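Participant: There's a structure below that I have some questions on.
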Amino acid sequence: MAELERVGEVIEASTTSFTAQCYELYEIPPLGSLVKTGNSSAELYGIVYNAATTSLEPGRRPIARGKDEKTEEAIYRSSPQLAKLLRSEFGAIVVGYKEGDRLYHHLPPQPARIHSFVYQCIRAEVMEFGQSFDFLNILLNANLPVPAEELVSASLRQMSQAHQDPRAFLVAAGKELAILLSGNLNQLKAILGRIKT
């Protein structure tokens with residue numbers, strides 16, 4: 001069985017999304033990745049929709065430090081305190097949850113808990129979650145800082161990598177999207193163009 005990769009912990013949560021701070025600077029799951037948080041009674045699944053690296057102090061921006069350095073790595077070697085002054089975090093939109101052996105592709109009754117660990121889902125979990133496309137409706141209707149077509153296509157590309165036949169998975173997803181977006185052909189075309197293999 002594959003080892004779960006813990007990528008951070010929840011620092012803000014609501015019923016519809018959570019924000020996690022990464023333990024390591026720049027170690028952010030890719031856009032569209034499936035992540036999970038929770039405990040033995042319920043696990044919440046989210047799709048990464050946004051990421052940022054910022055100063056730990058609100059309102060204080062990092063300053064340029066590399067004028068006399070040859071590489072980015074040299075900047076961090078000459079200023080090791082930077083790793084303690086900056087943070088990387090990501091937002092995930094909640095797209096489902098699991099109680100016991102039952103997997104739901106809709107919002108959970110409770111939000112994630114603050115300081116819950118966040119894990120990158122392993123291949124088997126991504127395959128299991130991707131057996132239903134019910135989560136696509138949540139992504140298409142969410143009010144997020146990224147366009148829905150970018151997030152939907154990124155999540156489908158990420159999920160397809162876990163399947164034996166990525167193309168078959170994407171074709172099935174495309175058929176579901178054709179139904180969901182029958183009244184919005186421009187958005188459908190944009191998503192289908194981004195998920196081509």
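Participant: Determine Rg/Rh for segment 88-197; Rg is computed over alpha-carbon atoms and Rh is the Kirkwood hydrodynamic estimate from the same atoms. Don't jump to the answer; show the numbers that get you there.
Facilitator: Values: Rg = 14.4 Å, Rh = 15.0 Å.
Rg divided by Rh gives 0.96.
Participant: Further question: Given points 7 Å out from each Cα along the Cα-Cβ axis, report the LEU107 to LYS84 separation in nanometres with one decimal.
Facilitator: 4.1
Participant: Give the Rg/Rh ratio for segment 53-107, taking Rg as the radius of gyration of the Cα atoms and Rh as the Kirkwood radius, to two decimals. Don't skip to the end; give the middle numbers.
Facilitator: Numbers: Rg = 19.3 Å, Rh = 14.7 Å.
Across segment 53-107, the Cα-based Rg/Rh ratio is 1.31.
Participant: Explain nothing, just compute: Karplus ³J(HN,Hα) = 6.51 cos²θ - 1.76 cosθ + 1.60, θ = phi - 60°, for every residue of segment 27-36 in order, whole Hz, x for Gly and Pro.
Facilitator: 8, 9, x, x, 3, x, 5, 8, 10, 9
Participant: LYS70: which lysines have alpha carbons under 28 Å from its alpha carbon, excluding same-chain residues fewer than 8 sequence positions away?
Facilitator: Correct list for LYS70: LYS84.
Participant: Which percent of the Cα-Cα distances in segment 1-78 go past 15 Å? Walk me through the numbers on the way to the answer.
Facilitator: Values: 2041 of 3003 pairs.
Looking at segment 1-78, the distances longer than 15 Å represent 68 percent of pairs.
Participant: How big is the gap, in Å, between the Cα center of segment 133-194 and the Cα center of segment 23-97?
Facilitator: 26
Participant: Here's something else I'd like to know. Apply the Debye scattering formula to segment 149-197, with a single equal point scatterer on each alpha-carbon and no solvent, then give log10 I(q)/I(0) at q = 0.22 Å⁻¹.
Facilitator: At q = 0.22 Å⁻¹ the computed log10 ratios are -0.70.
Participant: Tell me, what is the FRET efficiency for GLU128 and THR54 to the nearest 0.05, using R0 = 35 angstrom and their Cβ-Cβ distance as r?
Facilitator: Working: r = 34 Å, r/R0 = 0.97.
The computed FRET efficiency comes out at 0.55.
Participant: While we're on this one: What number, in percent, do you get for the relative contact order of the chain if the mean sequence gap of Cα pairs under 8 Å and at least 6 apart is divided by its residue count? Walk me through the numbers before you get to the answer.
Facilitator: Details: 350 pairs, mean separation 52.4, N = 197.
It comes to 27 percent, rounded to a whole number.
Participant: Give a residue-ordered list of calculated ³J(HN,Hα) values for segment 93-110 (Karplus: 6.51 cos²θ - 1.76 cosθ + 1.60, θ = phi - 60°; whole Hz; x for Gly, Pro).
Facilitator: Along segment 93-110, the couplings run 8, 6, 10, x, 7, 10, 10, x, 9, 9, 9, 10, 9, 8, 5, x, x, 10 Hz.
Participant: Among all the aspartates and glutamates, which ones have a C-alpha under 17 Å from LYS175's C-alpha, if same-chain residues fewer than 8 places away are not counted?
Facilitator: Qualifying aspartates and glutamates at Cα under 17 Å: ASP134, GLU149, ASP165.
Participant: Out of residues 5 or more away from ALA51 or on other chains, whose amide H comes under 5 Å of its own, with H placed 1.01 Å from N in the peptide plane?
Facilitator: GLY91
Participant: Quick one: which residues, 5 or more positions from GLU5 or on another chain, have an amide H under 5 Å from its amide H? H modelled 1.01 Å from N in the peptide plane, none for Pro or chain starts.
Facilitator: GLN120
Participant: Compare LYS98, LYS36, LYS67 in a GNM of the chain, Cα atoms joined below 10 Å, and give the one with the largest fluctuation.
Facilitator: It is LYS67.
Participant: At 7 Å along Cα-to-Cβ for each site, give me the label-to-label distance between ARG61 and ASN186 in nm.
Facilitator: If labels sit at ARG61 and ASN186, their model points lie 3.3 nm apart.
Participant: OK, next. What whole-number volume per residue, in cubic angstrom, does the convex hull of the C-alpha atoms of the chain give?
Facilitator: Details: hull volume 31.3 nm³, N = 197.
Here the figure is 159 Å³ per residue.
Participant: For a protection proxy built on the mean count of beta-carbon atoms within 10 angstrom, sort 72-81, 46-55 highest first, please.
Facilitator: On the way: 72-81: 11.7, 46-55: 19.0.
Put in order of decreasing packing, that is 46-55, 72-81.
Quick note: the coordinates plus some simple rules give every number you see, no bench work behind them. Fair warning: this is a prediction, and the values are worked out from it, not measured in the lab. As a convention, Cβ positions derive from the backbone with ideal geometry for all residues, glycine included, and neighbour counts pool all protein chains shown.
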